[in-house]
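Chemist: A single structure is presented below for examination.
The values are calculated or read from the model by the stated rules, or taken from the named source; none is laboratory data. Predicted, not measured: the structure shown is a model, and the values here were computed from it. Glycine also receives a Cβ, built like all others from the backbone with ideal geometry; neighbour counts cover every protein chain displayed.
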Amino acid sequence: MTMKNSIKAIEIEAYGGPEEMRLVDKPLPVPGPGEVRVRLAAIGVNLIDTYHRSGLYPIPLPSGLGVEGAGEVEAVGEGVDLPVGTRVALTMAMGAYAEAIVLPANALITLPDAVSFEQAAAVLLKGMTVDYLFHNTFPLNGGETVLFHAAAGGVGLIACQWARHIGVNLIGTASTKEKCALAASHGAQHCLLSGAEDLAEMLKALAPEGGFPVVYDSVGKDTYRLGLEVLAPLGTFASFGNASGAIEAVAPQDLAMHGSLYFTRPTLATYMGKAGWLQQSSAKVLHLVESGVLSVEINQRYALDEAQRVHKDLEARATTGCSIITP
């Protein structure tokens, strides 16, 4: 079969809504020294993609979008000892909304045979996010009762399963009864409707005496004040996303008045910058998938030319579990 000398990819030239994304033809990228070209079989979709597109997380423009995918090594550059055909995954690699991508060989994650391309593309970024939240940002040992917002989302369903695995009581919130039922079926001890008028009081009734030791929050603006209210003294507010918009301000006096609280804004990129962390965390996530502890719920599939619809669905909170793009 003759290899095409071009690929299709999604690019933006300006920040804005989903309509800024364009499907373009680009020259087939050629790997340089130390680099690999991966022919993508599945592309992960994450909320961070919408932040890059909107400019909430600024990136140099014009730019590709997407940071996660899986496929096979198609070509290698000088000095790379990685056989063509090797099954690999990539994460936090800008430009993954494409048929192929070139990146450093040391950024790749080798896939075990038991994990499919779709599973890897859907789970790694989200799974490693749960890993750092549960084991680095606020380490859990088992027995804790914690609050996790958006419990039926991609990260949320993995968090529910992982919490159950390590003996943590996860109290979740979600926007519909159906989503709450999904979170509960994956391990949440309780899941409450995020729009309930008496949500704060219901959460306090489920919390340990004094409040939750930690709130894991990817919603942002809409849930920030609620989190402060239900945290225990000396509790930790772990903010790792902005689905409802960015938190406008964190006032030290608010943290003091609610009980000498800790506020942290961790990112996966920071942990990936630590030597060896990427390989250690990805191996942990893939092992949990292989062993059946983590079930990867891929509930939405899209074609590459449907990228605008993917983002509209994400931002409307119309998805559950994981979404992927098939190039």
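Chemist: Scan the stretch 299-327 for residues that are aliphatic (A, V, I, L, M) and surrounded by 18 or more Cβ atoms within 10 Å (Cβ to Cβ) and jot them down.
Modeler: Taking the stretch 299-327 and keeping what is aliphatic (A, V, I, L, M), we get 303-304, 307, 310, 314, 316, 318, 324-325.
L304, A307, V310, L314, I324, I325 - these are the residues of the stretch 299-327 that are aliphatic (A, V, I, L, M) and surrounded by 18 or more Cβ atoms within 10 Å (Cβ to Cβ).
Chemist: Name the residue, out of G44, G64, that is more than 23 Å from P112 (Cα to Cα), under 21 Å from the mean Cα position of the chain (by Cα), of a type outside the set (D, E, K, R) and at pLDDT 95 or above.
Modeler: Step by step, each of G44, G64 is checked, and only G64 is more than 23 Å from P112 (Cα to Cα), under 21 Å from the mean Cα position of the chain (by Cα), of a type outside the set (D, E, K, R) and at pLDDT 95 or above.
Chemist: If you take the residues of the stretch 144-154 that are outside any loop (DSSP other than H, G, I, E, B) and at pLDDT below 95, which of them is nearest to S194 (Cα to Cα)?
Modeler: Looking only at the stretch 144-154, we keep the residues that are outside any loop (DSSP other than H, G, I, E, B), and these are 145-148, 153-154.
Next, only the ones that are at pLDDT below 95 stay: 153-154.
Working: G153: 13, G154: 17 Å.
Checked the stretch 144-154; the qualifying residue nearest to S194 (Cα to Cα) is G153.
Chemist: Which condition number does V84 fail, the rest of (1) among the hydrophobic types (A, V, I, L, M, F, W, C); (2) in contact with a helix residue (DSSP H, G or I) (Cβ under 7 Å, 6 or more places away or on another chain); (3) free of Cβ contacts under 8 Å to residues at least 40 places away in the same chain being met?
Modeler: Going through (1) among the hydrophobic types (A, V, I, L, M, F, W, C); (2) in contact with a helix residue (DSSP H, G or I) (Cβ under 7 Å, 6 or more places away or on another chain); (3) free of Cβ contacts under 8 Å to residues at least 40 places away in the same chain one by one, V84 breaks only (2).
Chemist: What residue, among those in the stretch 265-290 that are among the small types (G, A, S) and at pLDDT 95 or above, is surrounded by the fewest Cβ atoms within 10 Å (Cβ to Cβ)?
Modeler: Keep residues of the stretch 265-290 that are among the small types (G, A, S), which gives 269, 273, 275-276, 281-283.
Now narrow it down to the ones that are at pLDDT 95 or above: 281-283.
Details: S281: 25, S282: 24, A283: 13.
Here the residue is A283.
Chemist: Scanning the stretch 203-225 for residues that are free of Cβ contacts under 8 Å to residues at least 60 places away in the same chain and within 20 Å of G153 (Cβ to Cβ), which turns out farthest from the chain's Cα centre (by Cα)?
Modeler: Initial filter on the stretch 203-225 (free of Cβ contacts under 8 Å to residues at least 60 places away in the same chain): 203-205, 209-211, 220-222, 224-225.
Now narrow it down to the ones that are within 20 Å of G153 (Cβ to Cβ): 203, 220-222, 224.
Details: L203: 25, G220: 15, K221: 18, D222: 19, Y224: 20 Å.
Per the criteria, the residue is L203.
Chemist: Right, here's the next one. Output the residues belonging to the stretch 156-178 that are within 20 Å of S323 (Cβ to Cβ) and either assigned to a loop (DSSP other than H, G, I, E, B) or over 18 Å from the mean Cα position of the chain (by Cα) (or both).
Modeler: S175, T176, E178
Table: residues versus (1) in the same structural domain as R22 (by TED's automatic domain parsing); (2) touching a Gly at 6+ places or on another chain (Cβ under 8 Å).
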site	(1), (2)
V88	yes, yes
I101	yes, yes
I109	yes, no
Q161	no, yes
I166	no, yes
S175	no, yes
K179	no, no
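Chemist: Here's a check for you: in the stretch 162-185, which residue that is modelled with pLDDT of 95 or more and of a type in the set (G, A, S) is nearest to T319 (Cα to Cα)?
Modeler: The selected residue is A174.
Chemist: May I pose another question? Here is a list of conditions, (1) surrounded by fewer than 18 Cβ atoms within 10 Å (Cβ to Cβ); (2) modelled with pLDDT of 95 or more, and K4 meets all of them except one; can you say which number that is?
Modeler: (2)
Chemist: Look at the stretch 301-322 and say how many of its residues are within 16 Å of E68 (Cβ to Cβ) and at pLDDT below 95.
Modeler: Here is the first cut: in the stretch 301-322, the ones within 16 Å of E68 (Cβ to Cβ) are 301-302, 304, 307, 310-311, 314, 319, 321-322.
Still in the running and at pLDDT below 95: 314, 319, 321-322.
Here the count works out to 4.
Chemist: Right, another one. Inspect all residues belonging to the stretch 13-35 and state whether any of them is over 18 Å from K312 (Cβ atoms), crowded, with 18+ Cβ neighbours inside 10 Å and either aliphatic (A, V, I, L, M) or within 24 Å of the chain's Cα centre (by Cα) (or both).
Modeler: Scanning the stretch 13-35, I find no residue that is over 18 Å from K312 (Cβ atoms), crowded, with 18+ Cβ neighbours inside 10 Å and either aliphatic (A, V, I, L, M) or within 24 Å of the chain's Cα centre (by Cα) (or both), so the answer is no.
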